[in-house]
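> Dropping the structure in here first, questions after.
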2 protein chains.
Amino acid sequence: MSEDLMSIREMSRSFGVTPRALRFYRSSDLLSPLRRGQSRLYSKSDRARLKLILRGKRFGFSLEQIREILELYNPAEKNLSQTEAALTTARERLADMKQQYLELGFAITDLEEQIEEGEAALLKLRALAEAAPSEEK
Amino acid sequence: MSEDLMSIREMSRSFGVTPRALRFYRSSDLLSPLRRGQSRLYSKSDRARLKLILRGKRFGFSLEQIREILELYNPAEKNLSQTEAALTTARERLADMKQQYLELGFAITDLEEQIEEGEAALLKLRALAEAAPSEEK
DNA sequence: CGTTACGTTTACGTTTACGTTCGCGTAAAG
DNA sequence: CTTTACGCGAACGTAAACGTAAACGTAACG
């Protein structure tokens with residue numbers, strides 16, 4: 001029951017990040033695993049946060065931006081103005097993400113078309129190579 | 001007709017990037033504006049490329065990855081194996097982007113929910129502040 | 001013709017996000 | 001009890017993506 005705790009190695013392997021990265025996130029207050037003796041132990045909530053961190057990174061957000069969003073996720077112990085500020089930045093990020101979502105859709109279509117063009121060009125190149133084999137080692 | 005050419009200032013302003021960035025992209029072979037006299041002039045194709053560059057950046061791709069994709073966009077002067085390589089990396093990027101698209105959709109939903117929770121928490125905090133006004137400067 | 005404005009290249013500085021030792025503590029294995 | 005393995009934090013190193021500053025060309029303005 002208390003054994004949903006993972007060592008740094010286990011975290012590292014199951015998320016595909018280095019131990020160094022995990023320590024870095026802790027020192028940046030992005031993660032706060034328990035300290036048992038000399039070691040750190042990562043709970044379910046730490047895993048949820050890490051998931052968000054890695055997701056944010058994939059979308060091109062800086063760790064700083066990600067940290068601001070994460071502050072929204074523990075509304076305890078926070079006062080009013082801090083919560084307000086977190087909400088404001090979260091709304092901005094949300095707007096960014098929606099914009100990105102749209103653009104990403106277009107970019108995917110674009111790239112698909114471009115790949116098709118590239119494939120067509122490739123066929124022509126191969127045809128030419130067949131017709132006039134200039135250099136064969 | 002040849003006046004779809006822009007100076008570095010115009011580019012800078014219309015895309016919201018610094019001249020320094022444009023020069024950096026040129027020195028990285030991401031852009032290749034004409035050299036007229038001492039200056040550089042950016043064509044329509046340069047603008048298209050820059051658009052792709054900035055878009056790629058927003059999705060968290062490195063300039064190096066972006067450069068590989070861009071190579072797909074001028075299938076001229078390229079040989080067979082180069083085009084094949086470009087296609088391969090482009091397909092990989094496309095897969096990444098589709099994955100990102102899905103994740104981004106989930107992330108947006110998540111964040112929306114989280115914002116609603118935050119708003120609820122805010123209302124409670126305000127209610128408490130009304131009931132027991134402890135500190136008012 | 002001097003100055004102001006904009007452009008160039010070159011070189012070095014800076015920030016972000018870790019990688020790479022390092023010296024140390026601890027814990028298990030032999 | 002030593003060796004081996006893992007973990008920690010501190011310090012320094014590094015690659016990417018520019019920013020900043022220096023030294024210079026040129027064009028136009030008054």
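> If we scan the stretch B:89-101, do we find a residue that is on the phi < 0 side of the Ramachandran plot, at pLDDT below 85 and out of contact with any strand residue (DSSP E or B) (no Cβ under 8 Å at 6 or more places or on another chain)?
Looking through the stretch B:89-101, at least one residue is on the phi < 0 side of the Ramachandran plot, at pLDDT below 85 and out of contact with any strand residue (DSSP E or B) (no Cβ under 8 Å at 6 or more places or on another chain).
> OK, next. In the stretch A:38-60, is there at least one residue being assigned to a loop (DSSP other than H, G, I, E, B), under 25 Å from B:L54 (Cα atoms) and either within 16 Å of DNA strand C (Cβ to nearest atom) or in contact (Cβ under 8 Å) with a residue 40 or more places away in the chain (or both)?
Yes: one or more hits.
> Condition (residue is within 11 Å of chain B (Cβ to nearest Cβ) and in contact with a helix residue (DSSP H, G or I) (Cβ under 6 Å, 6 or more places away or on another chain)) applied to the stretch A:48-57: is it met by at least one residue?
Looking through the stretch A:48-57, at least one residue is within 11 Å of chain B (Cβ to nearest Cβ) and in contact with a helix residue (DSSP H, G or I) (Cβ under 6 Å, 6 or more places away or on another chain).
> Checking the condition over 14 Å from the mean Cα position of the chain (by Cα) and farther than 30 Å from A:L70 by Cβ, which residue from B:L87, B:L104, B:L30, B:L111 passes?
B:L87
> Identify, from the list B:A107, B:A90, the residue that is at the interface with another protein chain (Cβ under 7 Å from one of its Cβ atoms), more than 13 Å from DNA strand D (Cβ to nearest atom) and touching an Asp or Glu at 6+ places or on another chain (Cβ under 9 Å).
B:A90
> Then there is this: Could you list, in sequence order, all residues of the stretch A:11-34 that are within 9 Å of DNA strand C (Cβ to nearest atom) and assigned to a helix (DSSP H, G or I)?
Within the stretch A:11-34, A:P19, A:R20, A:A21, A:L22, A:R23, A:F24, A:Y25, A:S27 meet the criteria.
> Looking at (1) at the interface with another protein chain (Cβ under 10 Å from one of its Cβ atoms); (2) open to solvent by less than 30 Å² (accessible area, probe 1.4 Å), find the lone condition where B:E112 falls short.
(2)
> Filter the stretch B:27-63 down to the residues that are among the hydrophobic types (A, V, I, L, M, F, W, C), farther than 12 Å from B:F15 by Cα and either surrounded by 14 or more Cβ atoms within 10 Å (Cβ to Cβ) or not assigned by TED's automatic domain parsing to the domain that holds B:S14 (or both) and list them by number.
The answer is B:L30, B:L31, B:L41, B:F59, B:F61, B:L63.
> Kindly evaluate B:L122 against the criterion of being at the interface with another protein chain (Cβ under 7 Å from one of its Cβ atoms), more than 28 Å from B:G56 (Cα to Cα) and aliphatic (A, V, I, L, M).
yes
Quick grid of which residues meet (1) more than 8 Å from DNA strand D (Cβ to nearest atom); (2) hydrophobic (A, V, I, L, M, F, W, C):
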{"residue": "B:I8", "(1), (2)": "yes, yes"}
{"residue": "B:F24", "(1), (2)": "no, yes"}
{"residue": "B:L30", "(1), (2)": "yes, yes"}
{"residue": "B:L41", "(1), (2)": "yes, yes"}
{"residue": "B:A48", "(1), (2)": "yes, yes"}
{"residue": "B:G56", "(1), (2)": "yes, no"}
{"residue": "B:F59", "(1), (2)": "yes, yes"}
{"residue": "B:S62", "(1), (2)": "no, no"}
{"residue": "B:R67", "(1), (2)": "yes, no"}
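> Which of the residues spanning the stretch B:64-79 are open to solvent by 50 Å² or more (accessible area, probe 1.4 Å) and not in a loop (DSSP other than H, G, I, E, B)?
B:E64, B:Q65, B:R67, B:E68, B:E71, B:Y73
> Another one. Determine the pairs where a residue that is closer than 15 Å to B:G56 by Cβ, located within the stretch B:86-101, has a partner that is modelled with pLDDT of 90 or more and among the aromatic types (F, W, Y) with Cβ atoms under 8 Å apart, the partner being 6 or more residues away or on another chain.
Short answer, once both residue conditions are applied: B:Y101/A:Y101.
The values are calculated or read from the model by the stated rules, or taken from the named source; none is laboratory data. Note that the structure is a prediction, hence the values are computed from the model and not measured. Every residue, glycine among them, receives a Cβ derived from its backbone with ideal geometry; neighbour counts consider all protein chains shown. Accessible surface areas use protein heavy atoms only, side chains included; no ligands, DNA or RNA. Shrake-Rupley method; radii C 1.70, N 1.55, O 1.52, S 1.80 Å.
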